[in-house]
Amino acid sequence: MALGVQAQIFLRKDSVRQIPIIQFAQGGYVGQHLIKPTSTDFTYNNANGYDHGLFIKLISNITKAWSVSIDARTTDKSCYVSLQNDVFSESFDLQITGLQVPLLVSYAFQNSKQQELFMLSAGIAFNRMKFDTKNSHFEAFIPAFSTSAGVDEVRGNEKKYPTYLFSLSKKIKFNKRNSLVIFSEWEYNPEVFVISNLFIRDSPLQPLRYNSEYVAYSIRFGIYITL
């Protein structure tokens with residue numbers, strides 16, 4: 001009897017013992033991939049693209065309010081790059097595919113009855129992406145015996161870089177373990193994405209390099225089901 005009373009004393013209502021400590025989930029998302037040039041020396045006609053993916057998730061419920069999770073995502077993004085100055089113009093479609101592993105910390109806001117209202121999440125994602133291009137067009141406006149278009153340095157590249165994630169989600173519970181979660185997510189990529197064009201002119205012998213730098217964002221909407 002004493003053990004039972006002691007258990008009731010130390011088992012708080014918000015204890016993780018009342019929810020699964022470990023959960024798995026699977027889901028997907030769709031959204032928009034946005035690029036923003038940070039260089040002002042060009043005329044731009046860029047266009048944003050799509051961002052979609054599938055993922056599996058491992059969740060560790062620390063308390064009823066706090067949790068941490070890690071995802072394994074396959075992701076596919078696109079955009080259209082177009083820039084021009086008085087020396088050249090260049091445009092191409094860019095596709096970015098690969099694996100993303102986000103590590104997120106989440107806090108669930110609750111009402112007075114300890115029912116979850118919504119959840120905020122933030123964290124960092126580790127990315128390994130491959131860059132491919134198509135429909136490229138390049139035109140030089142000055143005579144040069146050697147040129148290197150920016151698309152040539154982008155095509156086929158594989159890059160590893162971090163990004164930062166922020167998410168707002170709402171849980172629809174089926175039972176103690178299984179739920180449908182609807183979420184919106186914002187991702188910021190601080191990695192400076194550079195389009196670099198090199199010209200070596202006939203006369204005089206003079207190398208000219210032009211760099212256009214970008215940062216990227218993603219806005220996503222998705223769902224997942226906890227198992």
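Could you identify the single residue in Val181, Val105 that is hydrophobic (A, V, I, L, M, F, W, C), farther than 19 Å from Glu90 by Cβ and open to solvent by less than 40 Å² (accessible area, probe 1.4 Å)?
Answer to the check: Val181.
Every residue in the stretch 45-73 that is under 30 Å from His137 (Cβ atoms) and part of a strand (DSSP E or B), please.
Listed by number, the residues that qualify are Ala47, Asn48, Gly49, Tyr50, Asp51, His52, Gly53.
Determine whether the stretch 78-98 contains at least one residue that is of a type in the set (S, T, N, Q), touching a Ser or Thr at 6+ places or on another chain (Cβ under 9 Å) and assigned to a loop (DSSP other than H, G, I, E, B).
yes
When the residues of the stretch 37-79 are narrowed to those that are more than 26 Å from Ser169 (Cβ to Cβ) and open to solvent by 70 Å² or more (accessible area, probe 1.4 Å), which ends up nearest to the chain's Cα centre (by Cα)?
Among those that are more than 26 Å from Ser169 (Cβ to Cβ) and open to solvent by 70 Å² or more (accessible area, probe 1.4 Å), it is Thr38.
From Phe183, Phe193, grab the single residue that is part of a strand (DSSP E or B), of a type outside the set (Ser, Thr, Tyr), at pLDDT below 95 and touching a strand residue (DSSP E or B) at 6+ places or on another chain (Cβ under 8 Å).
Just a single option satisfies the conditions, and that option is Phe193.
Considering (1) closer than 21 Å to Tyr50 by Cβ; (2) among the hydrophobic types (A, V, I, L, M, F, W, C); (3) open to solvent by 70 Å² or more (accessible area, probe 1.4 Å), say which one Phe92 fails and leave the rest.
(3)
So, in the stretch 5-24, of the ones that are under 22 Å from Gln110 (Cα atoms) and among the aliphatic types (A, V, I, L, M), which residue ends up modelled with the lowest pLDDT?
In this case the residue turns out to be Leu11.
Anything in the stretch 141-169 that is closer than 22 Å to Asn45 by Cα, open to solvent by 50 Å² or more (accessible area, probe 1.4 Å) and within 25 Å of the chain's Cα centre (by Cα)? List them, or say none.
If the condition is that a residue be closer than 22 Å to Asn45 by Cα, open to solvent by 50 Å² or more (accessible area, probe 1.4 Å) and within 25 Å of the chain's Cα centre (by Cα), then Asp152, Glu153, Arg155 are the ones that fit.
Taking the criterion of being open to solvent by less than 60 Å² (accessible area, probe 1.4 Å), over 19 Å from Asn45 (Cα atoms), touching a Leu at 6+ places or on another chain (Cβ under 7 Å) and not in a strand (DSSP E or B), would at least one residue in the stretch 130-140 satisfy it?
no
Residues being under 16 Å from Ser167 (Cα atoms) and among the β-branched types (Val, Ile, Thr): count how many of those fall in the stretch 27-55.
1
Within the stretch 184-216, which residues are open to solvent by 60 Å² or more (accessible area, probe 1.4 Å) and farther than 22 Å from Ala140 by Cβ?
Trp186, Tyr188, Glu191, Val192, listed by residue number.
Residue by residue through the stretch 108-129, note down the ones that are open to solvent by 40 Å² or more (accessible area, probe 1.4 Å), on the phi < 0 side of the Ramachandran plot and not hydrophobic (A, V, I, L, M, F, W, C).
Residues satisfying the conditions are Gln110, Asn111, Ser112, Lys113, Gln115, Glu116, Arg128.
If Ile172 satisfies every condition in (1) of a type outside the set (Phe, Trp, Tyr); (2) touching a strand residue (DSSP E or B) at 6+ places or on another chain (Cβ under 8 Å); (3) outside any strand (DSSP E or B); (4) open to solvent by 20 Å² or more (accessible area, probe 1.4 Å) but one, which is the exception?
(3)
The values are calculated or read from the model by the stated rules, or taken from the named source; none is laboratory data. Note that the structure is predicted; figures quoted are calculated from it, not measured. Heads up, the Cβs are rebuilt from the backbone with ideal geometry, glycines too, and the neighbour counts pull from every protein chain shown. Just so you know, the surface numbers come from the protein's heavy atoms only, side chains and all, with ligands and any DNA or RNA stripped out. Shrake-Rupley method; radii C 1.70, N 1.55, O 1.52, S 1.80 Å.
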